[in-house]
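The values are calculated or read from the model by the stated rules, or taken from the named source; none is laboratory data. Since the structure is predicted, the reported quantities are computational estimates derived from the model, not experimental observations. Quick reminder, even Gly has a Cβ in these numbers, built from the backbone with ideal geometry, and neighbours come from all protein chains shown. Areas reflect the complete protein model, heavy atoms only, side chains present, ligands, DNA and RNA absent. Shrake-Rupley method; radii C 1.70, N 1.55, O 1.52, S 1.80 Å.
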Amino acid sequence: MPHLTTRVAIVGAGPAGLLLGWSLHQAGIDFVLVENRDREYVLGRIRAGVLEQGSVETLERLGVGAGVHANGMVHNGIYLQYSGERHHVDFNELLGRTVTIYGQQAVVHDLVEAHDGAGTPVFYDANDVAVHELTGSPSLTFEHDGQHYTVNADFIVGADGFHGVCRQSVPADALQVFEREYPFAWLGILADVAPSTDELIYALHDDGFAMHSMRSHTVSRLYVQVDPADDIASWPDARIWDALHTRLAVPGWSLDEGPITEKSILPMRSFVVSTLQYGSLFLVGDAGHIVPPTGAKGLNSAMSDVTQLSAALVAHYAGADVLLEAYSDTALSRQWKVQQFSQWMTDLLHKRPATDAAGAFDYRSQLGRLDYVTHSTEAKRSLAEQYTGLRLDA
Ligand code: FAD
Ligand code: DHB
């Protein structure tokens, strides 16, 4: 039975765990990273697509920015569309800031490649991952290739996403959960067709939300609002394109279709825990908080947590504990601002179900708010500041 000793044991090789491991490696701090899916599954998972400027800077600072430099698409702003009119909000003009379109899959690919190249201790395809003695001498156990491992560590980091084991290992009376459900979901597709737009379009239509994003000059990513109870089988490709044509229509513009290579329905929720620390366990990313996808904050929040925790661990090993003691409060303070932005943008752009008594009022109120946001410089500046990413001290 192999017995390992390390400084930081990380659970989960999503973007948060891979980035934290890489950041610790760069700082010369030992870690072990354990993931329960196989490497190909991790590399194939399609999710978010927009990087805040700070997230790009993090990748550059850690020496894994070559991919985003070569293939990322820098966008100056977004389009907001309602009542059949499309309005550009120019972040660069308003604030001198931009976002970069670069898929989460590409970020994960670059990090996996960096870990592979450096031969860091990343265990994919592990079973029975469990954490122990979180308020004493913490350890992590798992099974890999028929062997049962025990890892003794100074700290355990739960980077294991919403369904992971780490948050669930915290006693119920030590952690409170705050959450909000939404009466809609997104159906997302990837299509092999050049984007029909230069920058992302977020549209509110009488039939519901639609969005046009992209992954490259030849691959488009599009979303439509659907009922969370819908089965993907009830959305054949032709129905999806019909909905997209209708909801994204403006005079003089057309949407190009291409073969759909991936489609799935994504549930939506807002979720935040009361603390990101329990004893020697720290939570980062989706393990501690979830946002609805409107505004593209999930991946960026995970990267922000990791930047803070990594700096705190480096300071700890240099003899200063102030940052580590403050980590949960600092990260949650930023997270709650991100939560209100994601909630605001989701409520702004989605159509409430017709059965919702307040729905008809809300819809007109949303149109009023969109009219305000697209015409007030102050409102556009606020949107720009939040969409391109809040600084930690904001
Ligand atoms: P994850 O990416 O969830 O990574 C957690 C890792 O831990 C995974 O590799 C998982 O396999 C592993 N793991 C889980 N349990 C265990 C265990 N017991 N032992 C070991 N390993 C374990 N955000 C946006 O901004 N825009 C989007 O369009 C968008 N689309 C999304 C679509 C989907 C289907 C989902 C689920 C999320 C989406 N998000 C989106 C959110 C964004 O992708 C997440 O915020 C981001 O992945 C968070 O990264 P993470 O590393 O914290 O968690
Ligand atoms: C994408 C996802 C988002 O949630 C968003 O707000 C913008 C873009 C995307 O997958 O490209």
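Miscellaneous remarks
- Computed lengthening from S169 to S365, 0.36 nm per intervening residue step minus Cα-Cα distance: 66.3 nm
- Modelled label reach - A27, point 7 Å along Cα→Cβ, region 43-86 residues with backbone N closer than 16 Å: 58-59, 61-63
- Element breakdown for region 279-383 at a 1.4 angstrom probe: carbon and sulfur atoms account for 58% of the accessible area.
- Using the Cβ-Cβ distance between A118 and L266 with R0 = 35 Å, the FRET efficiency computed as 1/(1 + (r/R0)^6) comes to roughly 0.60.
- The trypsin sites (Lys or Arg not before Pro) of region 1-101 meeting both criteria, a DSSP state outside H, G, I, E and B (loop) and at most 15 other C-beta atoms within 10 angstrom of the site's C-beta, are R45.
- The listed peptides 190-198, 382-390, ordered by packing as a protection proxy, come out as 382-390, 190-198 (highest mean of other Cβ atoms within 10 Å first).
- Probe 1.4 Å, accessible area per residue of the chain, Å²: 42
- Label sites at D145 and L4, each approximated as a point 7 angstrom past Cα along Cα to Cβ, lie 1.1 nm apart.
- Region 326-343 - phi-based ³J(HN,Hα) in whole Hz, Karplus 6.51/-1.76/1.60, Gly and Pro as x: 8, 3, 4, 5, 5, 5, 5, 5, 5, 4, 5, 5, 5, 4, 5, 5, 5, 5
- A Förster radius of 30 Å, combined with the Cβ-Cβ distance separating H217 from F178, puts the computed FRET efficiency at roughly 0.15.
- Each residue, Y372 and E93, gets one label point 7 Å from its Cα in the Cβ direction; the gap between the two is 2.3 nm.
- Surface share of carbon and sulfur [accessible, 1.4 angstrom probe, percent] for region 1-124: 45
- Proximity of backbone amide H atoms, modeled 1.01 Å from N, is registered between L200 and Y79 at under 5 Å, excluding neighbours fewer than 5 places apart on the same chain.
- For peptides 324-332, 290-298, 237-245, sequence by mean Cβ density within 10 Å, most packed first: 290-298, 324-332, 237-245
- In nm, spacing of pseudo-spin labels at A249 and E85 (7 Å Cα→C-beta vector): 1.9
- The alpha-carbon of K337 sits under 21 angstrom from the alpha-carbons of these lysines, leaving out residues fewer than 8 places away in its chain: K297, K380.
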